Amino acid sequence: MQPSDIGRLVTLGAPAVSPDGTVVAVAVRRVDLGANRYRTAIWLTPTDGSSPPRRLTGSEHGDSSPAWSPDGTRLAVVTGREGGGAQLRVLPIGVPGEPVVVCERPEPVSEPVWSPDGTRIAFVSRERAARWATGDDDRAREPRRIDRLFSRLDGEGWIIDRPSTLFVVDAGGGDPVAVAGGPYEHSSPAWSPDGRTLAVVADREPDWDLDETARIYLVDATGGGGGPRRLTRTGRHHTHPSWSPDGTRLATLASDDHLASPAHASPAVVDVATGREDVLATGVDRTWRPFPGARAPIWDDGHLLVSCEDRGGIHLYRVAADGAGAGTAQALLTGERAVTAYDRAGGTTVVLVTDHDHLGELHVADDGSLRRLTSLTEPFHAAVPRGRTPVRLAVPSPAGDGDVDTWVLLPDEPAAGDGGRIPVLLSIHGGPMTQYADAWFDEFRLWAGAGYAVVWCNPHGSTGYTQDRVRSIRSPLAETAPGTGWGGIDADDVLAALDGALAAFDRLDRDRVGVLGGSYGGYLTSWLAAHHSDRFAAACSERAVNNLESMEWSSDVAGAFRHDIGVSVLDAPEEFRRMSPLHHVRGIDVPMLILHSEDDLRCHVEQADALYLALRLLGRPVEYWRFPEESHGMSRDGSPRHRVQRAQIILDFFGRHLGGRRPEQVPAG
């Protein structure tokens, strides 16, 4: 794979199965390098495989979020508008009729869901405050009043004057009615079977920005009834509600984030009348809120369809919600693959599945077997050689509590040096509470395409393991579940994984090893460069956390790190400094490439500025590239040209320092 091949990528979204189970709708995103944009359309395919997928929409500004009407004759979609905002449209499917523009919004629309009788649609959209009424010139508007944390959101900008609001609109068109609004944030609407009530995720309690607990509220679908009523009261963090068929219970994904974040999520059932909460599948010590792939549990004959992470895999389970066996989990799809989305209706289960060798495609899942429905990514795989399958290693952790899951991808055409030895790139994931999944990843294929052996792992602090292992990198000063802190056992695991790969493949060149990562992966890259420069020939720290102390006030999630780390920056500022690579910057004695997006609100660009300033003042070799008008997720969702240029910059940098193949074209800066 070459950087320009990013322009060939095809990405499928979450499937939406028709009520009778015969058709699945899916949003398909393609890259248009020439126009420097993405083009997204809705496709339909029969679930019996009787005909190939067909494109349903082709709007200039893209269509997404397909949602079937209860009778399966209409499909709601969200259509982008020129200049921003969105339309909610309804399309006839298999019946006469014309598309209907249900409503237009100046802000994006998400999560459309039909009422059970098919007459109304609920959705979420940001509602602009009064200061927006003066026009488009922000210099003429009133100033923003900041009276809470979480006033901004990466990728969206200021949200304190644009709270996410729950709307209901007539399916035939009309003015949306706000039924739950600001100053609170709302998500994941779900209709009760009788169509009178909507369940929604929010935190509407006093000082909610300090509490940070997502709860389930019940809302009168007409907008009356005295406002949202809180249902969950135990202090658990609840997301992704779905109603039982009889309307007496709600299934959620629940975790106790305040015991000691991070905490695993588990499927739970909440009694609507009493608020009683029963947590299920407690015998499976994994998180049931996977990333990607978390969605509302699907009720199916007294059971819940729900997925969880397990040592790189994202697997699908059936969890009993009723009877003597309530809480037991039956594995439906496991193995070295990732079920990144799924849906079930009319007795048909459709999953979006990827593995290390294949981009995600839709399949029908039946009794543990898969029948493929789509081949929309095949043109990419036909044009770009698949390369080798990564080799999985079990490397003992220095903690002595089990193995570190490690993978090695060898190049088809190594950039071999003296004696035929292969340069190595060690990649570190972000999070830290996430995992490298058993999934196809463009970056690993790009690095291998330039002749590198690529090594990656899931160290302590990653999900996919037990809750204790995920919490193991909390600060040693934490009162609950103390650990090593960031840069402790996680860094030791990454080095152990590298050593395991070098030992398993004697052609790997230990003198030509580069390290790179983004976000928390950028943090560990900076940390390893500061403490183990002798192990690396070059390093690339991208959208990194370099100063944990300033991160706690500059990030869009400012104030949240005290939960993950276990102590407050006010109480233990020295602990935040101890764990900050910037505090140890004099130890960095390796060529450093710094990449950062200028509109990154998760890890503010000041994190990169601080590292660059320090290295420059110390006279160390450093290169710094800033990407304008990009957010934290630029490598995945940024402008296509920036994604290509990013790959070119990285490959050129490591090519100069490690000897891998350099791209023919590189940004001049």
* To do: Would you calculate the separation in nanometres between label points at T334 and L613, each defined as 7 Å from the Cα along the Cα-to-beta-carbon direction?
  => 5.2
* To do: Show me 205-213, 458-466, 494-502 ranked by packing, highest mean number of other Cβ atoms within 10 Å first.
  => 458-466, 494-502, 205-213
* Asked: Which loop trypsin sites (Lys or Arg not before Pro) in region 251-337, with loop taken from DSSP, have no more than 14 other Cβ atoms within 10 angstrom of their Cβ?
  -> R276
* To do: For V404, list long-range residues whose amide hydrogen, built 1.01 Å from N in the peptide plane, is under 5 Å from its own amide hydrogen.
  => V395, S397
* Spacing of the two label points (7 Å from each Cα toward its C-beta) at H532 and E629, in nm -> 4.0
* To do: For D246 and A382, compute 0.36 nm times the residue count separating them, minus their Cα-Cα distance, and round to one decimal in nm.
  => 44.1 nm
* **Cβ-Cβ FRET estimate between D71 and R233, R0 fixed at 25 Å, reported to 0.05** => 0.10
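How would W527, W43 line up from fewest to most surrounding beta-carbon atoms within 10 angstrom?
Exposure proxy ranking, most exposed first: W43, W527.
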* Under-5 Å amide H pairs with D300, H placed in peptide plane, nonlocal only -> L305
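Which FRET efficiency value, to the nearest 0.05, do you get for L570 and S51 by plugging their Cβ-Cβ distance into 1/(1 + (r/R0)^6) with R0 = 51 Å?
Plugging the Cβ-Cβ distance into 1/(1 + (r/R0)^6) gives 0.25.
Given +1 on the Cβ of Lys and Arg, -1 on the Cβ of Asp and Glu, and no further charges, what dipole in debye does the chain carry about its Cα centre, rounded to the nearest 20?
920
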* Asked: Measuring from centroid to centroid over Cα atoms, what is the spacing of region 1-26 and region 259-333 in Å?
  -> 26
* Structure fact -> With a Förster distance of 22 angstrom and the Cβ-Cβ distance between A326 and D468, calculated FRET efficiency to the nearest 0.05 equals 0.30
* Computed magnitude of the charge dipole of region 146-276 (debye, nearest 20; Cβ of K, R +1, Cβ of D, E -1) -> 400
* By counting other Cβ atoms within 10 Å of each Cβ, how are F150, F654 ranked from fewest to most? -> F150, F654
* What's the extension gain from R656 to R148 if we count 0.36 nm per residue and subtract their Cα-Cα distance? -> 178.2 nm
* Rough spin-label spacing in nm, given labels placed 7 Å along Cα→Cβ, for V101 and D412 -> 4.8
* Net lengthening on full extension, T389/D506 (0.36 nm per residue, minus Cα-Cα) -> 40.3 nm
* Among E107, E185, E98, which comes first, then next, by fewest other beta-carbon atoms within 10 Å? -> E98, E107, E185
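Quick check on packing: order 341-353, 59-71 by the mean number of other C-beta atoms within 10 Å, highest mean leading.
Ranked from most to least packed, the peptides come out as 341-353, 59-71.
Taking the Cα centre as origin and putting +1 on Lys and Arg beta-carbons and -1 on Asp and Glu beta-carbons, what dipole magnitude results for region 499-581, to the nearest 20 debye?
In debye, rounded to 20, region 499-581 gives about 200.
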* ³J(HN,Hα) computed for each position of region 233-249 - Karplus, 6.51 cos²θ - 1.76 cosθ + 1.60, integer Hz, glycine/proline x -> 9, 7, x, 5, 8, 10, 9, 6, x, 8, 7, 5, x, 8, x, 8, 9
* Structure fact -> Labelled set [x] 106, 24, 21; [y] 39, 29, 26; [z] 87, 38, 32; semi-axes √(5λ) of the Cα gyration tensor in Å computed from this model equals the value at [y]
* **Karplus (6.51, -1.76, 1.60) ³J(HN,Hα), θ = phi - 60°, over region 47-54, in Hz, Gly and Pro reported as x** => 6, 8, x, 6, 8, x, x, 10
* To do: Step through the residues of region 606-619 one at a time and calculate ³J(HN,Hα) from phi using the Karplus curve (6.51 cos²θ - 1.76 cosθ + 1.60, θ = phi - 60°), rounding each to whole Hz and writing x for Gly and Pro.
  => 4, 5, 6, 4, 5, 5, 4, 4, 4, 5, 5, 5, 7, x
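Coordinate-derived values only; no laboratory data. Bear in mind the structure is a predicted one, so any value in this text is a computation, not a measurement. Counting neighbours? That spans all protein chains shown, and the Cβs are built from the backbone with ideal geometry, glycine included.
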